Amino acid sequence: MAALGRHILVEFIGCKSETLNDVALIEESMVKAAQKADATVINSTFHHFSPFGVSGVVVIQESHLAIHTWPEYQYAAVDLFTCGEHIDPWISFDYLKVAFGAKNYSALEMGRGNLNLLNRVDFDMNRMANQNKNHQNSGMYNRNVWFTDKDDNQAMSLRYTGDVLFDKTSSYQRTRVLDSYAYGKMLVIDNMVMTTDRDEFHYHEMISHPMILTHGNVKKVLVIGGGDGGSIREILRHDNIEQVTMVEIDQNVIDASKQFLPALSCQFNNPKMNLIIGDGIKYVNEAPDKAFDLVIVDGSDPVGPAEGLFSEAFFQNCYRVLNDKGVLVVQGESPRFGEHAFVDLYHCLEKIFGKERAHIMLFNQPTYPSGIWSFHVGTKSDLNPLSVNQNIADEFSAKNDLKFYNYLVHLGAFAMPNYIKKMLQ
Ligand code: SPD
């Protein structure tokens with residue numbers, strides 16, 4: 001029977017009760033089930049009932065997957081609805097059967113939109129879009145598609161066009177570029193916002209200028225990660241710099257940025273660049289002692305391939321490869337969104353560099369969950385981040401037409417609110 005969509009009504013019986021009451025696990029399984037079938041996930045929303053049970057839906061480009069669970073009966077009712085030739089909803093079915101530990105099941109497939117019963121009419125999207133292009137609020141073509149970066153309790157969402165401009169999965173991670181309405185092109189790795197066209201300058205100016213200007217004579221730099229190119233763009237504004245070695249684990253990140261974030265990826269061909277596609281942890285392990293003035297860790301969050309970038313062994317090696325006046329700057333997570341990683345990192349650098357030589361910069365980053373983010377700093381000498389020269393900092397800012405960094409922003413970044421001071425004690 002030729003039909004527009006395939007709808008499988010599933011009964012999963014004898015599932016594990018705990019699984020059917022775990023809203024995060026169910027959402028993750030449903031999203032994975034969609035991805036396994038090669039569907040494009042647009043959004044998901046899940047809800048836990050009191051005292052137990054979960055309801056939720058995953059909206060996919062090709063329709064939706066929905067569920068309601070009754071843990072007390074070890075039962076889940078699932079709808080798998082897909083349109084289009086290339087998606088097989090039975091792949092999602094097979095995945096969920098295992099994920100929920102179903103001892104028994106029944107499933108009924110229906111063709112939806114039987115083509116023997118339907119007549120096609122002349123519905124020309126392009127013509128109608130042209131007619132409506134001045135009616136921004138008509139809502140007709142404004143798809144309401146959101147990307148959400150979240151943990152179990154907090155989230156940051158950005159509305160985007162629904163188009164995925166770049167989508168590649170390496171053995172390390174999935175890299176995407178989405179087109180957001182408020183912040184332009186957005187680089188996403190494994191469901192976390194890495195950077196966006198319109199607020200990237202907060203992050204990239206702050207990861208580089210405060211400590212380069214404080215040091216005053218940085219020549220050799222090592223950047224771990226940073227494949228979007230934003231950090232090297234800022235680092236290379238400093239005339240003293242002789243060489244920047246960048247070790248990025250995933251070529252896909254560089255490719256995505258070169259294709260869709262040209263304002264960030266504009267310095268990869270700079271003759272001072274030594275770009276290595278490889279494992280930054282291994283590189284630092286093997287690098288000679290005292291080889292760099294500055295090491296910048298522009299990594300992702302401490303999950304997946306970036307987890308090792310938050311380990312003590314890695315920072316011990318960073319310390320070793322810095323020369324006697326060397327400085328380490330590390331992407332330090334958020335005191336609000338990643339409190340444990342934030343605190344642990346501070347204590348780790350405090351242990352390696354010494355109490356007086358571990359510092360934190362705070363800055364706002366609108367597109368990261370909670371909006372507040374940090375860089376952690378370790379200095380091998382008694383370099384005081386507040387000793388930066390005001391004229392030099394402000395002249396550098398003005399000459400380069402910087403959008404975020406200036407002398408007072410520099411000073412303010414090192415000021416810790418009292419609740420964060422307490423957190424760090
Ligand atoms: N949650 C985002 C953590 C920051 C990751 N690094 C971003 C790379 C920008 N160059």
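The values are calculated or read from the model by the stated rules, or taken from the named source; none is laboratory data. Remember, it's a predicted structure, so these values are computed and weren't measured experimentally. FYI the Cβ positions are ideal-geometry reconstructions off the backbone, even for glycines, and counts take in every protein chain you see. Note: areas computed on protein heavy atoms with side chains; ligands, DNA, RNA excluded. Shrake-Rupley method; radii C 1.70, N 1.55, O 1.52, S 1.80 Å.
Here are a few things to note about the model shown:
- Number of residues in segment 201-240 that are open to solvent by 30 Å² or more (accessible area, probe 1.4 Å), in contact with a strand residue (DSSP E or B) (Cβ under 6 Å, 6 or more places away or on another chain) and within 14 Å of the ligand (Cβ to nearest atom): the value is 0.
- Qualifying residue in segment 193-200 (condition: free of Cβ contacts under 8 Å to residues at least 24 places away in the same chain, within 15 Å of the ligand (Cβ to nearest atom) and either under 25 Å from I249 (Cα atoms) or not polar (S, T, N, Q) (or both)): yes
- Some residue of segment 139-159 being within 20 Å of S44 (Cα to Cα), in contact (Cβ under 8 Å) with a residue 60 or more places away in the chain, more than 16 Å from the ligand (Cβ to nearest atom) and open to solvent by less than 20 Å² (accessible area, probe 1.4 Å): yes
- Among the candidates G299, G304, residue that is open to solvent by less than 20 Å² (accessible area, probe 1.4 Å) and under 19 Å from R174 (Cβ atoms): G299
- Residue that is farthest from L309 (Cα to Cα) [pool: residues in segment 373-396 that are of a type in the set (A, V, I, L, M, F, W, C) and in contact with a Leu (Cβ under 9 Å, 6 or more places away or on another chain)]: I392
- The set of residues in segment 287-310 being over 14 Å from the mean Cα position of the chain (by Cα) and modelled with pLDDT of 95 or more consists of A287, P288, D289, K290, A291, F292, D293, L294, V295, I296, V297.
- Residue that is without any contact (Cβ under 8 Å) to a residue 40 or more places away in the chain and either within 16 Å of the ligand (Cβ to nearest atom) or open to solvent by less than 10 Å² (accessible area, probe 1.4 Å) (or both), where the choices are Q267, Q251, Q243: Q267
- Annotation: of all residues in segment 340-351 being closer than 17 Å to P302 by Cβ and away from the ligand (no atom under 14 Å from the Cβ), the one that is surrounded by the most Cβ atoms within 10 Å (Cβ to Cβ) is L349.
- Close contacts from segment 101-120, counting a first residue that is closer than 14 Å to T82 by Cα and a second that is basic (K, R), with Cβ to Cβ under 7 Å and a gap of 6+ residues or different chains, come to E109/R6; G111/R6.
- Of the helices (runs of 4 or more DSSP H) lying entirely inside segment 345-425, those carrying at least 2 residues that are under 24 Å from F292 (Cβ atoms) are 390-399, 407-413.
- A count restricted to segment 326-339 and to residues that are open to solvent by less than 20 Å² (accessible area, probe 1.4 Å) and within 14 Å of the ligand (Cβ to nearest atom) stands at 8.
- Residue match in segment 387-395 (condition: modelled with pLDDT of 95 or more, within 16 Å of the ligand (Cβ to nearest atom) and either touching a helix residue (DSSP H, G or I) at 6+ places or on another chain (Cβ under 7 Å) or among the aromatic types (F, W, Y) (or both)): no
- Of all residues in segment 406-414, none are farther than 15 Å from E205 by Cα and free of Cβ contacts under 8 Å to residues at least 40 places away in the same chain.
- Annotation note: Cβ proximity below 9 Å between a residue of segment 271-299 that is at positive phi and a residue that is more than 16 Å from the ligand (Cβ to nearest atom) and part of a strand (DSSP E or B) (sequence gap 6+ or interchain) occurs for K290/L322; K290/N323; K290/D324; K290/G326.
- Only residues that are open to solvent by less than 60 Å² (accessible area, probe 1.4 Å), in contact (Cβ under 8 Å) with a residue 24 or more places away in the chain and either within 21 Å of A263 (Cα to Cα) or touching a strand residue (DSSP E or B) at 6+ places or on another chain (Cβ under 7 Å) (or both) were counted across segment 168-181, and they come to 6.
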